[in-house]
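Here is the structure we will look at.
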Amino acid sequence: MRNKRNVIFVAGPTAVGKTKYAIEIARAVHGEIVSADSMQIYRYMDIGSAKPTKEELAQVKHYLVDEIDPRDEFSAAEYQTLAKRYIEKIFQDGKTPVVSGGTGLYLNSLLFDMDFSVMPKQAQFRKQLEAEAEQYGPEYVHNRLKVLDQAAAERIHPNNLKKVIRAIEVFEATGEGIREFRESFVPTKDYGCILIGLNRDREELYRRIDERVDLLIKAGLVQEIESLLEKGLTEDNISMKGIGYKEIIAYLNDSYDFQEAVRLVKRNTRHYAKRQLTWLRRYEKMHWFNLTEFETEEKALSAISDTIRSEAVRGE
RNA sequence: GCCCAGAUAGCUCAGUAGGUAGAGCAGUAGACUGAAAAUCUACGUGUCCUUGGUUCAAUUCCGAGUCUGGGCA
């Protein structure tokens, strides 16, 4: 049997049931899972990121879950390097990589030949630009970008300060404009990609989100966050910007009461799920499965398996 | 039974000195190249409770009714 080098991607909004399905799919294809989740990658953040349970992790080998210290700064560029390394290793072992997750930029870094090598961020410069925005308003910083990189300034909204700053950063360091997403929409040649998209009727998805948030609270989210704060984490750490974390920290800092914190976690998770769907809809090669429409999990899984099999054959 | 207040968007409510209405929240759509669970952009919907009157014109003023709060019996 030839080595077909196909990577199976299992994507979908939060709370759709990715974890469970990815494990079943991985078992079916003799695979191992590479997570594409920007929060589950951090250690000690088990409850709030809805990590797979110990039992689930024991069923199939998982990579990039629980690997980074939440005090460290992590980025999409580092993710790409690590994930590609693991994918290669899984191929070497004669197994099939199953990428599972809902972080769009991370998925892009594996699906397309995105080149992050241009330059790392420059904390100092960033702070300076942030201060300028604070003082003179975001328009002022946007005007700076306009002088340097007209094209980038046109497509980045002045209010989107983070992206404006990053574009200036890149230009200052390289003398070139920041690359546009469309330009690099070139599928990677490193392996074949089979895209499986999981979705559910909106109503059901939102209900699952609300239920899961209640469950996370019951499971001890607040205690988990208190112990993270004891480790020295603060609201300024990137890892603490995750949904569930930032709202509970604000509650612990007396910004609002507990009920309000829970309400915001639910709402922000719903908004996030919606944004994920927007991102995922752009993938033309995605095979979508609306889990609401399947009577049983088995039926859904067998439909998914059929699709994977026929895609794998086509890719040969 | 009587008195008072309210009834307007999915929710909470504002408003129209009479010319068929708008905020917040919720919702929907979109963007995205080293923070991405981040960050940013755009967009609805209305028997203005029912009914009679006054008026060129009533969601708005007046009367009656219904419902919902609160008070008095």
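Ordered by solvent-accessible area of protein heavy atoms (1.4 Å probe), largest first, the residues A:246, A:285 come out as A:285, A:246. Shown here are the Rg and Dmax of the Cα trace of the stretch A:107-169, at 12.9, 40 Å.
Which FRET efficiency value, to the nearest 0.05, is calculated for residue A:256 and residue A:202 with the Förster distance at 30 angstrom and r the Cβ-Cβ distance? Given R0 = 30 Å and the Cβ-Cβ separation, E is 0.65.
If R0 equals 25 Å, the separation of the Cβ atoms of residue A:303 and residue A:84 corresponds to a calculated FRET efficiency of about 0.25. Kirkwood radius and radius of gyration were both taken over the C-alpha atoms of chain A, and their ratio Rg/Rh is 0.98. The value obtained for the stretch A:12-61, namely the Cα convex hull volume divided by the number of residues, is 81 Å³ per residue.
A 1.4 Å probe over all protein chains sorts A:215, A:264 by accessible area into A:215, A:264, starting with the largest. Binning the alpha carbon pair distances of the stretch A:59-150 at 10 angstrom intervals from zero yields the distribution 12, 32, 28, 17, 9, 2, expressed in whole percent. Once C-alpha pairs closer than 8 Å and six or more residues apart are averaged by separation and normalised to the residue number of chain A, the relative contact order reads 26 percent. Note on surface exposure: A:61, A:4 rank A:61, A:4 by accessible area, highest first, 1.4 Å probe.
Projecting label points 7 angstrom from Cα along Cα→Cβ for residue A:285 and residue A:128 puts them 4.3 nm apart. What's the FRET efficiency of residue A:174 with residue A:20 using the Cβ-Cβ distance as r and R₀ = 51 Å, to the nearest 0.05? Efficiency for this residue pair is about 0.70.
Only protein atoms count toward the accessible area here, which uses a 1.4 Å probe; on chain A, the carbon and sulfur part of that area reaches 49 percent. Annotation: amide H of residue A:32 within the under-5 Å range of A:96, A:98, sequence separation 5 or more or interchain, hydrogens built in the peptide plane. In chain A, the DSSP beta bridges split such that about 5 percent are antiparallel, to the nearest 5. Rolling a 1.4 Å probe over the protein chains gives residue A:288 an accessible area of about 100 Å².
Applying a threshold of 21 Å to the alpha-carbon distances of A:4/A:51; A:162/A:231; A:4/A:285; A:4/A:299; A:18/A:162; A:51/A:241 flags A:4/A:51; A:162/A:231; A:4/A:299; A:18/A:162 as lying beyond it.
Counting only heavy atoms of the protein chains and using a 1.4 Å probe, residue A:305 has close to 40 Å² of accessible surface. Straightening the chain between residue A:75 and residue A:57 buys 4.1 nm, computed as 0.36 nm per residue apart minus the Cα-Cα spacing. The residues of chain A expose on average 53 square angstrom of accessible surface per residue, using a 1.4 Å probe on protein heavy atoms. Sorted from longest to shortest, the spans of the Cα atoms of the stretch A:154-279 along the three principal axes equal 48, 37, 29 Å.
The equivalent ellipsoid of the stretch A:1-154 has semi-axes of 36, 19, 14 Å, largest first, where each one is the square root of 5 times an eigenvalue of the Cα gyration tensor. Remark: relative contact order (the stretch A:10-67) = 38 percent; criterion is Cα-Cα distance under 8 angstrom and separation of 6 or more residues.
The values are calculated or read from the model by the stated rules, or taken from the named source; none is laboratory data. The structure presented is a predicted model; accordingly, all values stated were derived computationally and were not measured. Backbone-built Cβ (ideal geometry, glycine too); neighbour counts: all protein chains shown. Calculation scope for accessible area: heavy atoms of the full protein, side chains included, ligands and nucleic acids excluded. Shrake-Rupley method; radii C 1.70, N 1.55, O 1.52, S 1.80 Å.
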